[in-house]
Amino acid sequence: IYSSHIKIYTYISSKKMTKLSLSLLFLCFIILASSSLGLSKSYETKPTKVSTYELKKGDISIKLTNWGATIVSLFVPDRYGKLADVVLGYDITEYKNDTSYIGAVVGRVANRIGGAKFTLNGKTYKIVANEGKNVLHGGKIGFSDVVWNVKKYHNEGHNKLSVKMEAKALNKPTPVNLAQHAYWNLGGHNSGNILSNYIKIFGSKITLVDSQLIPTGKFAEVKGTPYDFLKPRQVGSRIKKLAKENGYDINYVLDGTPYGALKRVAVVYDKKSGRSMKLSTNAPGVQFYTSNFLKDVKGKGGFVYQPRAALCLETQGFPDAVNHPNFPSTIVTPEKPYNHIMLFEFSTRPMYNV
């Protein structure tokens, strides 16, 4: 069994939308894990109790839990200063029953692996399928279903909200592709659907998929299609043209270098509240997902989530990259560590100023 060292640093900022002194609140989760996908008994750390951690400055606050390294809530003001929780979630005792990866860190290989197998250096590895014949978000028990050890919990000065994920193979090459699976609704987690939200995605191509959402290995230009968000459009403007898919669930090839410097991913704007969110990353892709599979999911405070109650922007390596040599590699080696950064910025500026 290969093994790797996984670290996640979550830098929580608390910048008021107008004039608030800047602050960084730092939370570091760390886990030592076996690199065999879908195996739960090989984790090398002793389980700790499930706890929550609140970081707050002024009128900005975020709450996390070490179950799945999950974002539980994030309160930000609207254009009038009214606070709302803009991520979907559960009452804290319900996270162990989650089947939608709400707010969690997913892996060891996020998204899908077709046929629940891959070949690495001439050897074929078979893994436990958990979505039909395929593997989704780490398999039967992935990183979203384990208790993470919190190693550091403190604050210092900064002005951004970011998540940094690092991994290093300790002996042999191993696939690693982590993603943060927050469900965003800038109107508030209990405000209804996100079809009227405007979004711009900085990706001119998508990775084509088959009927099981497994990439075919081919790419397609988005221009002139329902996947075209190169200019800001409402999420629901052409979603009905995706009847077979029941909404968006596709990986965009981000414009810019495959891995390296930060590049813009997307801008989301909720006209009613005035809240906007910018996302940047150093990853090559982002999965745009409109929570198509949520149905009668009981969330925080008893609110029931339905399809399109939120949108996900999961920065990542390409899905099923282990089976497509033409995709950017998701193989981590002792000489080539994994480094994934997500940077979120919130404001109440109109979208054309974001």
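Laboratory data are not the source of any read-out in this text; all were calculated from the coordinates shown. Just so it is clear, the structure is predicted and the values come from calculations on it, not from any experiment. So basically every Cβ, Gly included, is an ideal-geometry build from the backbone, and we count neighbours across all protein chains shown.
Tabulated data
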read-out: Per-selection metrics, the range 49-178 (Cα): Rg and Dmax in Å; value: 17.7, 59
read-out: Loop trypsin sites (Lys or Arg not before Pro), the range 115-188, which have at most 12 other Cβ atoms in a 10 Å radius of their Cβ (DSSP); value: LYS133
read-out: Spacing of the two label points (7 Å from each Cα toward its C-beta) at ASN326 and LEU230, in nm; value: 2.0
read-out: Residue (of VAL222, PRO232, ASN246) at the positive-pole extreme of the range 205-246, dipole from beta-carbon charges; value: PRO232
read-out: Rounded to the nearest 20 debye, dipole of the range 48-347 from Cβ charges on Lys, Arg, Asp, Glu; value: 280
read-out: Set of the range 286-329 residues, backbone N closer than 19 Å to the point 7 Å along the Cα-Cβ line of LYS117; value: 320-325
read-out: The range 281-337: trypsin sites (Lys or Arg not before Pro) in DSSP loop, at most 16 other beta carbons within 10 Å; value: LYS295
read-out: Label-to-label distance, nm, for residues given as PHE303 and THR99 (7 Å Cα→Cβ offset); value: 2.3
read-out: Note, ³J(HN,Hα) from phi for the range 214-228, Karplus 6.51, -1.76, 1.60, rounded to Hz, x at Gly and Pro; value: 9, x, 8, x, 9, 10, 9, 6, 8, 4, x, 10, x, 8, 7
read-out: Contour excess over end-to-end distance, with Cα ends at VAL128 and LEU170 and 0.36 nm allotted per residue; value: 12.8 nm
read-out: Gap separating the Cα centres of the range 219-269 and the range 311-354, nearest whole Å; value: 14
read-out: Nitroxide proxy distance, nm - points 7 Å out along Cα→Cβ at LYS140 and LYS82; value: 4.8
read-out: Those GluC sites (Glu not before Pro) in the range 282-354 that DSSP places in a loop and that have at most 12 other beta carbons within 10 Å; value: GLU335
read-out: Cα-based shape type of the range 180-268, given that a ≥ b ≥ c are square roots of the gyration tensor eigenvalues and the cut on a/c is 1.5; value: oblate
